[in-house]
Amino acid sequence: MWNVQIEGEKEVFEKLKKHAKVAGIIFILLGLVGIFFPVFMTMATVVFVSWLMLFAGISSGYFTYMSNRTDLWGWIKSLILILISLYMLFVPMGGVATLGIVLAIYFFTDAFAGFGLLASLYPQKGWWIWGFNAVLSLVIGFIFLMNWPFSSLYLVGLLVGFSLFFDGLALLMGVSIMKNMENSNSDLQK
C-alpha cells in the first residue's frame, strides 16, 4: 500500500504522511467519544447512517429517473434505501438493531482488510499494530453477533469507538512506518 517511489513523488508522500497523522488523531478523538459516551455515539451513528441512506436512495431514484425510467431494479433499490432510512430515523431502536447487524458485517470486512495489510507490511517495523487492529475487528464482529439485538444500544457506540480509536492508532503507526521507509530509501541512495 505504501510502496512509494520517493524520488518522483516526495511531495505526495509528505502530504500522505501529514493527512494520515491528522486523520489518525481525529479517529482517536472520535473513538474516545464512543468509548466514554456509547449511547450518544450509537444514536449519532444511526442518524448519520440514516441520512446517508436517505440521500443515496433519493440520488438513486433521480439517476434512475434521468437515465432509464423503466428500470424496475433501479426503482426498487431507491425505494428500499429510502424506506430503510426512514425506518431508522423514525424507529431509532429498530435502527440500532439494524445497524448492529450491518456493523457486524463491517467489522468482519475490516478484519479481512487488516489481515491483508498486515501481510503486505509484515517485515516493516510496527507491523503488529495492523495485526492487532485486524484481530480486534474480528472479535468485535463476533461480539455483535453473540449479543445482537439486545445490547446494540451500547455495543454500537462502544465498539465503533474502540474501532475508531485503534484505526487512529494504526494510522499514526503507518506514519511512523512511512518515515522509516523514507529514511531507509534515503540511506540506500547515499
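Structure summary
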quantity	calculated
Fewest-first ranking of 156, 135, using other Cβ atoms within 10 Å as the exposure measure	135, 156
Helix axis angle, 72-90 relative to the chain longest principal axis, alpha carbon, degrees	90 degrees
Cα-projected label distance for residue 67 with residue 125, points at 7 Å along beta-carbon direction, nm	4.8 nm
Prolate/oblate/rounded call for the stretch 11-134, Cα gyration tensor, a/c under 1.5 rounded	prolate
Tensor-based shape of the stretch 70-190 (alpha-carbon gyration tensor, a/c under 1.5 rounded, otherwise prolate or oblate)	prolate
Neighbour-count order for 132, 40, fewest beta carbons within 10 angstrom listed first	40, 132
In the stretch 1-92, trypsin sites (Lys or Arg not before Pro) in a DSSP loop with at most 10 other beta-carbon atoms within 10 Å	69
Cα shape, the stretch 11-74, gyration tensor, a/c 1.5 rule	oblate
The stretch 82-190 - percent relative contact order, Cα under 8 Å, separation 6 or more	30 percent
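None of the figures in this text is laboratory data; all of them are computed from the coordinates on show. What you see is a predicted model; the values in this text were computed from it and never measured. Here Cβ is always computed from backbone atoms with ideal geometry, including for glycine, and neighbour counts include all displayed protein chains.
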